[in-house]
Amino acid sequence: MLSCPNCNSKDIGKIGINQYYCWNCYIELSVSHGMINTHQVEEDGSLSSLDDLFDEDERRYIL
Ligand SMILES: [Zn+2]
């Protein structure tokens, strides 16, 4: 079960292939190579990475 690395919520919606959205803190998550990548959606619709905010251990996605 995927949980948000930012807020630990499990209230995650699937928005695409390997793409998820956290309804609790409103960030986008994508999973690739066993890691969760985190993105914030900016006002202009672009994505900025939040990965620098988390340790690799927090972003590791274990199936
Ligand atoms: Zn969250």
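Throughout, read-outs are computed from the coordinates displayed, never taken from laboratory work. Just so it is clear, the structure is predicted and the values come from calculations on it, not from any experiment. Note that we place each Cβ from the backbone using ideal geometry, even for glycine, and neighbour counts take in every protein chain shown.
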Whether any residue in region 54-61 is in a loop (DSSP other than H, G, I, E, B), near the ligand (Cβ under 9 Å from one of its atoms) and free of Cβ contacts under 8 Å to residues at least 40 places away in the same chain is what I want to check.
no
Just the residues that are free of Cβ contacts under 8 Å to residues at least 24 places away in the same chain and either of a type outside the set (A, V, I, L, M) or within 12 Å of the ligand (Cβ to nearest atom) (or both), please, taken from region 42-53.
E42, E43, D44, G45, S46, S48, S49, D51, D52
Does any residue in region 22-34 that is touching a residue at least 24 places away in the same chain (Cβ under 8 Å) come within less than 6 Å, Cβ to Cβ, of a residue that is buried (at least 17 other Cβ atoms within 10 Å of the Cβ) six or more places away or on a different chain, and which pairs are these?
L29/Y20; L29/I36; L29/T38
Selected residue (criterion: surrounded by the most Cβ atoms within 10 Å (Cβ to Cβ)) from residues of region 42-63 that are closer than 15 Å to L2 by Cβ and not hydroxyl-bearing (S, T, Y)
R59
